[in-house]
Structures are given as structure tokens and as C-alpha cells.
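Single-structure report; data block below.
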Amino acid sequence: MKDHLDESGASFGKEPRLQPIFISQPDPSEEVCCGPPAGPPSGPFEKPGYKLLGFVDSFLQTQAGPVPKVKTRPGLSDVIGTVAVRLGIGRNDYKIAPGLYCIGDPDDSSPVMVTANYKLSFDTLRKDLEEVSAWVLVLDTRGINVWCAAGKGTFSTDEVIRLIKLTHLDTIVKHRNLILPQLSATGVSATRVKKASGFSVIWGPVRTNDIKLFLKNGLKAEKSWRTVTFSFVERFVLVPVELSLVIKSALWILLAVLIISGIGPGIFSISSSISRGFIAAMALLSGILAGAVAVPLFLPWIPFRAFSVKGAIMGIIAGLVVVFALMEEIQLVSTIGILLLTAAVSSYLAMNFTGATPFTSPSGVEKEMRKAIPLQAAAILIGISAWVIDSFINKGIT
Amino acid sequence: MEKFRYLSNVTTLHLDSELCTGCGMCESVCPHSVFEIEDRKAKILDQDGCMECGACANNCPVDAISVTPGVGCAAYIIQAWLKETGLKQDSNAQCC
């Protein structure tokens with residue numbers, strides 16, 4: 001068999017050029033009987049018990065078996081999936097099967113990109129590889145994104161080595177380089193990958209939208225591609241998930257708020273539970289919005305570095321909004337109660353947001369927590385006391 | 001990232017210049033440009049920029065860097081505290 005040269009002039013050893021096999025071709029010659037014409041016949045890659053995924057375009061036949069070639073344009077189901085996980089729906093089970101995929105028309109000299117099997121990570125990568133020919137090695141990171149998986153130990157040295165062996169990557173490419181996202185360095189040791197597999201790790205850019213420039217630049221990352229950012233848009237997309245994480249506990253707190261608001265001179269009053277409960281629920285809501293929405297969005301402009309302090313500031317502002325909006329129904333003691341509650345709720349949620357930022361150190365978070373948690377707890381206790389005491393003070397007012 | 005600064009003087013990052021061979025791995029993996037190679041030795045340019053992700057220590061071929069890596073997440077730290085005090089038996093602390 002003669003060496004076959006493709007358009008780019010690159011040969012692929014003694015094997016014929018990789019041939020894409022298309023999934024299914026409609027057959028126009030089918031005759032119409034009753035009902036609509038029959039659909040296309042089953043393709044060669046349909047297997048009992050498996051389902052072909054919409055983002056797979058065709059399969060490339062390689063020495064190590066067929067490799068799915070994926071589309072770079074996101075389809076409707078990809079877009080719906082992205083919106084859903086950004087809202088926190090199905091976020092913990094948004095993954096694709098680990099293994100080797102390809103993009104474009106790769107051969108044995110094409111680059112190999114390694115990524116996580118969180119579908120959002122995979123989708124972002126393939127979208128930014130439009131018009132590039134590459135192999136994509138997807139690790140089993142248990143459906144977790146690159147950086148978090150590296151921190152949790154699922155995007156690991158051993159997992160990289162395992163997938164190289166599992167996919168027989170050494171028979172598919174003749175070079176021995178892997179491009180890993182730089183943020184996976186927390187979990188992957190380049191030295192150990194090299195020792196165990198013979199593949200050298202090249203650290204790619206932090207963001208996939210720099211990947212084409214990185215390839216053009218001879219696999220060298222500029223400083224700005226190596227540094228994480230936390231822009232307004234990057235913070236904005238985190239807000240729905242932050243909110244979805246607090247909803248469950250917020251409903252329990254709401255129940256407690258309604259009960260506490262009913263306590264008064266007559267032991268418990270349903271009408272007071274509703275009227276005063278409404279005010280307290282507004283305070284709770286404003287505290288949540290301050291800590292889980294305002295703090296992430298306005299982060300760089302809120303004074304002080306500790307997130308608990310930033311949260312408390314926004315919480316007090318939000319509490320003041322509630323107090324002014326409902327001024328006619330709120331007395332001085334309950335004003336203090338409302339402000340303490342909104343400050344504490346917002347401060348706690350803001351402190352929790354440290355886990356979603358790319359710049360807070362765990363030592364720092366622990367340091368501020370040791371100071372902030374007792375203060376937050378005290379603010380809640382004093383706030384609740386003020387709220388209950390107020391209902392006794394104002395027993396004459398209906 | 002200079003726009004975002006977290007607490008100062010908290011990081012556990014330590015570099016042993018004696019052991020350093022100046023390979024530059026720490027400089028290329030650090031997401032906050034904390035390191036710089038100068039005269040074939042790594043130098044910590046911005047100690048307070050460190051977020052303790054552990055990428056540098058994990059990739060230093062001569063173990064010249066040490067840092068206690070972890071998840072900077074309040075929920076995780078609270079669960080770790082509860083575990084320490086024996087209030088929680090669960091072996092896996094869950095993060096966000």
C-alpha cells in the first residue's frame with residue numbers, strides 16, 4: 001500500500017488517510033407506502049443499548065478503532081444544557097463519556113488537547129477549536145470542570161496516564177506532546193506524566209478562547225493567557241448558581257422567620273406572623289440578594305478585602321432599603337433587628353462566595369471565618385431578640 | 001488580577017532558593033504570576049497574590065516549593081472544623 005498524502009502534505013504512516021464514516025445517509029430511493037417515507041437506515045456506529053450524541057458528526061477510523069469527530073458549532077441541545085447548568089439545573093450530572101474525540105481532520109501529527117468530562121468544559125473547548133484539527137482527550141473528572149477537578153484530585157496525574165493507555169494514544173499520534181489546560185497543574189504533575197507515559201505536558205492557556213493564538217504562537221503562552229481573570233461577565237454567570245444553592249436553606253429560614261414573627265404578647269398571633277413575617281421575609285430576601293447577587297457583581301468596588309465585611313456592608317445597605325420602603329410599619333428596635341439580620345445573612349453568603357472566586361487563598365478564608373462567624377452568629381441572635389422584643393414594646397399599636 | 005486583592009500575609013507559600021534549578025515550571029503554571037525567573041533562579045514577585053492552589057509545588061521537579069493547598073470555600077472549611085471537633089463523622093467534606 002502506498003503512503004497516502006492528504007491536502008496538507010502530511011502522511012499518515014503506511015495506513016490510508018483517516019476516513020470519516022458518516023453516521024447515516026438518507027436514502028432518497030425509498031418508496032412511499034402508507035404514512036410518511038421510512039427514515040434512513042441505522043448507521044454502522046449505532047449499537048444496541050447506546051445512543052449517538054448530537055454533537056458527534058462522524059467517526060474517524062484509526063489504528064486504535066473509531067474515534068468520534070465532534071462538531072464545533074454548539075447545537076440547540078448544547079445551548080439549552082448550558083443555560084440549565086448555569087441556573088443550577090442538573091449541574092452535578094452534566095458529563096460526557098471519557099475517551100478520545102477529534103475535531104476537524106486530524107492526523108498523526110495533530111496536537112492532543114486534554115480536558116475534563118464536564119460537558120460545559122468540553123463544549124467551550126470544541127467551540128473555540130473551530131477550523132482546527134486536533135485530538136481531544138477527555139478525562140473522567142466525574143463531571144467536574146478543569147480547575148475544581150484538579151483541586152479535588154479527579155483531574156490528576158494518574159487519570160492522564162490512565163487515559164493515554166486506555167485510548168492507545170501512542171498508536172494514534174507519532175509525536176509525544178499533550179496540551180493540558182494550565183489550571184489543571186494543581187492536579188497534574190508534568191514530570192510524573194512524562195515518566196509514566198513518555199508524553200510531555202505543555203501547559204496551554206487558562207481560557208480556551210486563547211487556544212488558537214497559542215497554537216499559532218508555537219505552543220507558547222503569553223503572560224496574559226496564563227493569568228486568571230474575574231471580569232464582570234465571569235462573575236455574573238456565577239450568580240444564578242449561587243442563588244440556586246441558597247434557595248433550599250432560605251425556605252427553612254423563611255419558615256423560622258414566620259414563626260418568630262408571630263411571637264408576641266398573646267404568645268402567638270397568626271395575623272402578626274403574616275404582617276410582621278412579611279417585613280422579616282423582605283429583610284431575609286434583601287440579605288440574600290445583597291450577599292449572593294450584589295457582592296459578586298460589585299466585588300471590586302466594595303471597600304475592604306475580607307468578603308464577610310464586603311457582605312456586611314451590602315447587607316446593611318439592603319436592610320436600609322427595606323426599612324425606608326416599609327418605614328410606616330417599622331419601629332426603631334425592629335430597625336436594628338432588620339439591619340443586623342440583613343448584615344449577617346449577606347456577610348455569611350459573601351464569605352461563602354470565596355469558594356467561587358479564583359483569587360482567595362484557603363488560609364485567608366479560614367482567617368476571616370474565625371473572626372466573622374462569631375460576629376455573624378451574635379448579629380443573628382441580637383437581631384432576633386430585637387425583632388421579638390419589638391413586638392412586646394409595640395403591643396399597643398395595631 | 002491586580003484589581004482583586006485578598007488578605008495579606010496569610011499564604012503558606014514557601015520557596016527554597018537553594019534547591020531551585022530555575023526550570024521555570026512554577027512561573028508557567030501559576031495563575032497569578034507570583035513567580036519570576038531571575039538569574040536562573042525562581043523569585044517570588046507577589047507573595048500576597050498567591051491563592052494556594054498548589055500548582056507550583058505539584059510541578060516543581062526538585063520540591064523547592066511548599067504550600068498547603070486547599071479549597072478556599074467557607075462551606076468546606078466549616079465541615080473540616082466540624083470533623084476536627086468530632087461533631088461530624090462523614091469522611092468527605094463537601095465543597096460548593
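The values are calculated or read from the model by the stated rules, or taken from the named source; none is laboratory data. Just so we're clear, the structure is a prediction, and the values are computed from it rather than from any experiment. Backbone-built Cβ (ideal geometry, glycine too); neighbour counts: all protein chains shown. Please note that ligands, DNA and RNA were not included when accessible areas were found on the heavy atoms of the full protein model with its side chains. Shrake-Rupley method; radii C 1.70, N 1.55, O 1.52, S 1.80 Å.
Observations on the structure shown:
- Subset of the stretch A:261-295 (residues that are open to solvent by 30 Å² or more (accessible area, probe 1.4 Å) and at pLDDT 90 or above): A:F278, A:M282, A:L285, A:L289, A:V293
- Among the residues listed as A:T360, A:T342, A:T335, A:T354, the single one being open to solvent by less than 40 Å² (accessible area, probe 1.4 Å) and not in a helix (DSSP H, G or I): A:T360
- Whichever residue in the stretch A:343-397 is within 14 Å of chain B (Cβ to nearest Cβ) and of a type in the set (D, E) and, among such residues, is farthest from A:R305 (Cα to Cα): A:E366
- Residue in the stretch B:14-29 that is nearest to the other protein chains (Cβ to nearest Cβ), counting only those that are free of Cβ contacts under 8 Å to residues at least 40 places away in the same chain and open to solvent by less than 30 Å² (accessible area, probe 1.4 Å): B:V29
- Search result, residues across the stretch A:151-164 that are at pLDDT below 95 and within 10 Å of chain B (Cβ to nearest Cβ): A:G151, A:K152
- Every residue from the stretch A:177-193 that is β-branched (V, I, T) and free of Cβ contacts under 8 Å to residues at least 60 places away in the same chain: A:T186, A:V188, A:T191, A:V193
- Filter result (open to solvent by 30 Å² or more (accessible area, probe 1.4 Å) and under 17 Å from A:T167 (Cβ atoms)) within the stretch A:46-84: A:Q61, A:Q63, A:A64, A:P66, A:K69
- Selection status of A:L255, open to solvent by 20 Å² or more (accessible area, probe 1.4 Å), modelled with pLDDT of 95 or more and not charged (D, E, K, R): no
- Per-region count, the stretch A:165-192, residues surrounded by 22 or more Cβ atoms within 10 Å (Cβ to Cβ), more than 10 Å from chain B (Cβ to nearest Cβ) and assigned to a helix (DSSP H, G or I): 1
- Filter pass, A:F298 being among the aromatic types (F, W, Y), in the same structural domain as A:S363 (by TED's automatic domain parsing) and surrounded by fewer than 23 Cβ atoms within 10 Å (Cβ to Cβ): yes
- Within the stretch B:30-65, the set of residues being in contact with a strand residue (DSSP E or B) (Cβ under 6 Å, 6 or more places away or on another chain), within 21 Å of A:F155 (Cα to Cα) and either open to solvent by 60 Å² or more (accessible area, probe 1.4 Å) or facing another protein chain (nearest Cβ under 9 Å) (or both) comprises just one member, B:C56.
- Check on A:S308, among the small types (G, A, S), within 12 Å of another protein chain (Cβ to nearest Cβ) and under 28 Å from B:L82 (Cβ atoms): yes
- From the options A:R126, A:R142, residue that is surrounded by 21 or more Cβ atoms within 10 Å (Cβ to Cβ), of a type in the set (K, R) and either in the same structural domain as A:T72 (by TED's automatic domain parsing) or touching a residue at least 60 places away in the same chain (Cβ under 8 Å) (or both): A:R126
- In summary, A:I89 fulfils each of the numbered conditions (1) more than 14 Å from every other protein chain (Cβ to nearest Cβ); (2) over 26 Å from A:I172 (Cα atoms); (3) modelled with pLDDT of 90 or more; (4) out of contact with any helix residue (DSSP H, G or I) (no Cβ under 7 Å at 6 or more places or on another chain) with the single exception of condition (3).
- In the set (1) crowded, with 18+ Cβ neighbours inside 10 Å; (2) in a helix (DSSP H, G or I); (3) modelled with pLDDT under 95, the condition left unmet by A:A379 is number (3).
- Any chance A:L243 is in the same structural domain as A:A356 (by TED's automatic domain parsing), closer than 27 Å to A:S361 by Cβ and modelled with pLDDT of 90 or more: yes
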